[in-house]
1. Has the range B:60-70 got any residue that is part of a helix (DSSP H, G or I), more than 11 Å from DNA strand C (Cβ to nearest atom) and within 14 Å of chain A (Cβ to nearest Cβ)?
2. Give the number of residues within the range A:162-206 that are more than 7 Å from chain B (Cβ to nearest Cβ), at pLDDT 60 or above, more than 17 Å from residue A:138 (Cβ to Cβ) and outside any loop (DSSP other than H, G, I, E, B).
3. Looking at the range A:90-104, can you tell me whether even one residue there is within 30 Å of residue A:143 (Cβ to Cβ), in contact with a strand residue (DSSP E or B) (Cβ under 9 Å, 6 or more places away or on another chain) and touching a residue at least 24 places away in the same chain (Cβ under 8 Å)?
4. Would you point out the residue of the range A:198-215, among those that are without any contact (Cβ under 8 Å) to a residue 24 or more places away in the chain and surrounded by fewer than 18 Cβ atoms within 10 Å (Cβ to Cβ), that is nearest to residue A:172 (Cα to Cα)?
5. Applying the selection to the range B:55-72, what residues are without any contact (Cβ under 8 Å) to a residue 60 or more places away in the chain and loosely packed, with under 15 Cβ neighbours inside 10 Å?
6. Just to be sure I understand, how many residues within the range A:43-59 are closer than 23 Å to residue A:110 by Cβ, in contact with a helix residue (DSSP H, G or I) (Cβ under 6 Å, 6 or more places away or on another chain) and outside any helix (DSSP H, G or I)?
7. Within the range A:82-103, identify whether any single residue is at negative phi, modelled with pLDDT under 75 and crowded, with 16+ Cβ neighbours inside 10 Å, and answer yes or no.
8. When residues of the range B:15-29 are filtered for being within 12 Å of DNA strand D (Cβ to nearest atom) and either under 14 Å from residue B:62 (Cα atoms) or within 14 Å of chain A (Cβ to nearest Cβ) (or both), how many remain?
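The values are calculated or read from the model by the stated rules, or taken from the named source; none is laboratory data. Treat the numbers as computed from the prediction; the structure is a model and nothing was measured. Glycine gets a Cβ as well: all are built from the backbone with ideal geometry, and neighbour counts include every protein chain shown.
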DNA sequence: ACCTGAACACCGTTCAAGT
DNA sequence: ACCTGAACACCGTTCAAGT
């Protein structure tokens, strides 16, 4: 699992630089930022990027895997502190906010959850997946809520994940952090909204959704 | 609104050919089919495509405007034949199925509804929009259902549109009609599912969603 | 008035040559 | 073992030349 032999010092440094540049680029230009551009920002050759991250998806996974695991771990904390139904709602809010903040994560989950066609699945063993921790987390919370009689028993964990994913995608685009002074359209980020507004909308939508998923007494 | 002067015969013919080729290409290759390819299929020069459809979005709008209007008109029929709540559900099912069948329509609605970043809004007067008929249709059905006491009054028509759009996006990719024998991955359309399965899932999800949106008596 | 297709810019991806 | 960067293929877009 871990590297058999530690990476050469320059390789490790390049890897870090690439990841940092990628975070910047995706934040500023959204998904589909130019890979060539990322390599240049990082000050490495294009080939080096491909050596470390053979696909765009691999790069996204590396960027977000820490954050994904952190979100997955929150499930355990919430499950301890809150009743099962509330824990599920709270966790889904956090997941949705994560997807709104990290544009790339949406594409990842998209292909991981069977949602869309962006960020094509890697060729090969399609099964192992960076979103596995999320799947496990939602399975646990959904199971708890069902056993507690707070959630319909005719929906599965994947249904819940898919629905929240869809809702988050439908919530709109929050205006990104460091938007570079693009020479493009005037009027600034047309159509984008204040991050808080989008976040609030997400919570409303997750609430409505949960209303439908709640077990009827 | 209508053409001031009728198009020259060859122009009209090319336009038809381009639309037919586009329908084929989008069905076979999904969104983001090559525009150059579409021009070649249609047997016209690349410049001709741009003359008729300056942006990818313009092409998609022209392709789907008939279908969009047909769906919008269904709202009136359903409103006459069914109680307000049932009419809304039935119409949302049809809209969702439309979005699943027409991959391009999802991207259109995405940008139209403030959902995603695909299919960038056309520069210029962003207000007029091919999805206006859908907006009007949903506004009518939502209003009816609210007046009939069958729908919460704290949600707006756009909320409903966004939610159903999100749910449809989350439903997964139906396997397309005429999938050309691509030399790509083995195993056929990996991850795509039988159209009926996706359609059934959509109906389930719309049902769950409506459960949350229903007015509590 | 409209069409053609060569030309240009840009991006992803590969690979021979370097250290 | 890893990096570089030129080279290639592909796609969107424009525009001078044609009819």
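1. No, every residue in the range B:60-70 fails to be part of a helix (DSSP H, G or I), more than 11 Å from DNA strand C (Cβ to nearest atom) and within 14 Å of chain A (Cβ to nearest Cβ).
2. 10
3. Yes, the range A:90-104 contains a residue that is within 30 Å of residue A:143 (Cβ to Cβ), in contact with a strand residue (DSSP E or B) (Cβ under 9 Å, 6 or more places away or on another chain) and touching a residue at least 24 places away in the same chain (Cβ under 8 Å).
4. So the residue we want is A:200.
5. Hits for the range B:55-72 are B:66, B:67, B:70.
6. 1
7. yes
8. 3
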